[in-house]
Every structure is written in C-alpha cells, then in structure tokens.
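Here's the structure we're looking at; comments come further down.
The values are calculated or read from the model by the stated rules, or taken from the named source; none is laboratory data. All of these numbers come straight from a predicted model, not from anything done at the bench. With ideal geometry, Cβ positions are generated from the backbone for all residues, glycine too; neighbour counts draw on all protein chains shown. Please note that ligands, DNA and RNA were not included when accessible areas were found on the heavy atoms of the full protein model with its side chains. Shrake-Rupley method; radii C 1.70, N 1.55, O 1.52, S 1.80 Å.
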2 protein chains.
Amino acid sequence: MAENTSGSEGLLFLTDEQLRKGIEAMFFAYRGFTADPDRILEGMDYGRAHHRAIHFINRTPGLTVSNLLAILGVTKQSLNRVLRTLFDDGLVEARVGRTDKRERRLHLTDKGQALERALSDAQRARMRAAYRAAGPQAVQGFRTVLEAMMDPEMRRQYLREEGL
Amino acid sequence: MAENTSGSEGLLFLTDEQLRKGIEAMFFAYRGFTADPDRILEGMDYGRAHHRAIHFINRTPGLTVSNLLAILGVTKQSLNRVLRTLFDDGLVEARVGRTDKRERRLHLTDKGQALERALSDAQRARMRAAYRAAGPQAVQGFRTVLEAMMDPEMRRQYLREEGL
DNA sequence: GGAATTACGTCAGCCTTGTTGACATTGTCG
DNA sequence: CGACAATGTCAACAAGGCTGACGTAATTCC
C-alpha cells in the first residue's frame, strides 16, 4: 500500500506538481522541526544559532572552532558572537588543545548539557512522533532522500561520525 | 539492502542516536534545499523571503495578502517590506478583489513568472535528482515523514490545494 | 444609517544573525 | 627566524524577523 508513488516499477513519475509538493513539504516540515526548540529558546537570550552550536558541540565534544565553522558554514565573526555568550553564561567551555595549543577544544558544561537535553528532547519528541506515524519504511525513505538532497560536502559532514 | 532501518517488522527502533541522525539530516538537507535559489537570488536585491512570496503567489494566483500572511507565518510589516519591492520591480501585481474591494489579489507578472521559473527549476532539479537517487519507495516515505512533522495547522495549508 | 470590524498599508524602532574588512595574538613548523 | 595557521576582535552594514501605533477604505452588524 505504499508502492504507487511512481507510475511503474522503478520509474518515478516526476511531474512538476509532484516536485512542487516535495518542495513545500520541506518548507512546512522544517518549520515544525524548529518550532519546539525555538519556543524554548525564546525568552532566554538565545536563538537558533545558539542551538546549532550547542547541538554540534554536544555531538562531538572536543571539536575545535574550525571544525564547528566548517559544519555550520558561517563566518568566524558570526560564530564568535554566539560562542562568546555561551562562554559567558557558562554553557560551553574551551580547553586548550594538548597537541596544538592554538586550538580551543569545545565542551558543554553541565549547565550546557542541561539545556542541550531540553532542546533535543523537544526536537526528538517531534521526530519520534513523526517516525511512529509514518512507519519504518517511510523512515528509511525519509533519510535516503534527505541524504541525496545534501551538498556533497555536507553529506560528508553528516556521514562522518567523528565530526573532526 | 534497504530493509533494515527498523529492528523488526513494524517496530521502529528509535534510539536517541537514530533520532539525532534524523535531526541532522533535516539540518543539512535544508541547507542543500535552499542553496540553489539562494545562489540565484544573491546579487539581485532579493533574498529567501522574496522567494517564498513568489513561490506561493505562483502556486495560488489571486490569493490575498491575508492568505499569504497565514501561509508564511510572518507579520504584515515584514511581508509588506518584501511585497513592496516586488511591486516596485514589477514582479507582482495586485488586483482589487471583485467581491470584497478591500482585498488585494496577488498575481505574478510575466517578469515575476520568469524569475519564479528560474528559481523553481533550480530547486526542482535538486529535488528530482534526490528522488531519482533514492527511488520511489523512498519518495513516498520522505513525504510521509515530512507531513507528520508539520504543525497541524501547516499540514492543513499543505494539503489544501486551493491555498485560500 | 451609524458603529464596529476587517483588510491592508505605513512609520519607527528594535533584535538576531548573517556579511566584509582589517588587525592582533599566539603557537606551529620548515 | 620567518611564514603560516588558529583564533579573537573591532567596526560597519544588511536581511528579515519583531512590536506598537496609527490611518484609510470597505464591509458588516445592529
């Protein structure tokens, strides 16, 4: 009962209309995707940019500023503004690299981990609900299409478990 | 070789790790998704906000400002800044509503349609490539999960073909 | 017919988060 | 030692969100 997205086996029928629906699905879904963390962050002095930094520092503790810059794809000035507030508020700490002392290895503090958990709990809850509603095959397809939609460089970031 | 996202039939194994991957997939994929239009728009005086307005005016010619506000979820002040430039540049035109003269029915001009086509061609090309790479079943799953991830209100917007 | 409401526009000011450019510091490496 | 790399920082600017307040025209309600 999920075999007829395409006209015939293996041949997708990709009308502009089908593609437009896919485009709008991305647009509306991304809004839902960010809605819960946004709600948590509003009122605190933080925004989505802080969320992103916190997420990736949590994912890969000890990553360097350069690593994070590459992942986020913003300028260092922009990232620095965000990191500074996270340092000041004691959510993130930087440890000097032991082999290369120029590097600053980023870690979440306990306080930072607490916020990370609050944010990702909310986001995971929505993702889990969507997965459950859609079923296992849908989940596989979801991930496959998203992966194919990434820029190759980002796909590498995504696939590499060690974000370094 | 794509049947084992779930532990067993029908039961999703939703570890936090699996969910985290889904979250990051959304993040990286959305970047790819917007990259091509962004490239086209940079240099012109327009940005993503203009793209969104153009997209939905094209999808539903004759929609009112209120309709568009509801779809985009921004304030009228914010939308107006965007619409004004689109009027001034002759990409969008507003026709007074025939039943209710307070309404302004929005339409793309030929020039607006040309830009719309350039933008959506780029975005569709990526979407099509991703769909092809992933296959029909994946496409079905992709749409199903995205739909489940939307806020209910947005899902209504998404499903309603007439965006009015 | 007059009052309330609706659709829309606009002025003003603020915030976040992105940008560029220039420059300083400190550490690594050949 | 000198070039280069990793990082931070100051300054200025832009896009695109936001709130609040106000104005006008058209519709609707009593």
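Please give the number of the condition B:LYS76 fails out of (1) within 24 Å of B:ARG155 (Cα to Cα); (2) exposed (fewer than 15 other Cβ atoms within 10 Å of the Cβ); (3) within 14 Å of chain A (Cβ to nearest Cβ); (4) not hydroxyl-bearing (Ser, Thr, Tyr).
So B:LYS76 meets the others, but not (3).
So which of A:ARG95, A:ARG52 ends up being at pLDDT 95 or above and farther than 26 Å from B:HIS55 by Cβ? I'd like the intermediate steps shown before the answer.
Details: A:ARG52 fails: farther than 26 Å from B:HIS55 by Cβ.
From the options A:ARG95, A:ARG52, the qualifying one is A:ARG95.
Would you point out which residue out of A:ARG156, A:ARG126 is free of Cβ contacts under 8 Å to residues at least 40 places away in the same chain, part of a helix (DSSP H, G or I) and within 17 Å of the chain's Cα centre (by Cα)? Quick ask: steps written out before the conclusion?
Numbers: A:ARG126 fails: free of Cβ contacts under 8 Å to residues at least 40 places away in the same chain.
Result of the check over A:ARG156, A:ARG126: A:ARG156.
Look through A:GLN157, A:GLN140 and report the one residue that is within 11 Å of another protein chain (Cβ to nearest Cβ) and open to solvent by less than 30 Å² (accessible area, probe 1.4 Å).
Every option except A:GLN157 fails the conditions.
Which numbered condition trips up A:LEU69, out of (1) away from chain B (no Cβ under 14 Å); (2) surrounded by 14 or more Cβ atoms within 10 Å (Cβ to Cβ); (3) more than 19 Å from the chain's Cα centre (by Cα)?
(3)
What is the residue count in the stretch B:96-123 for residues that are of a type in the set (A, V, I, L, M, F, W, C), assigned to a helix (DSSP H, G or I) and without any contact (Cβ under 8 Å) to a residue 40 or more places away in the chain?
1
Could you please give the count of residues in the stretch A:13-64 that are without any contact (Cβ under 8 Å) to a residue 24 or more places away in the chain, away from DNA strand C (no atom under 16 Å from the Cβ) and more than 8 Å from chain B (Cβ to nearest Cβ)?
Count: 4.
Being open to solvent by 40 Å² or more (accessible area, probe 1.4 Å), under 18 Å from B:VAL82 (Cβ atoms) and among the polar types (S, T, N, Q) is the filter here; which residues of the stretch B:100-137 pass it?
Residue satisfying the conditions is B:GLN113 alone.
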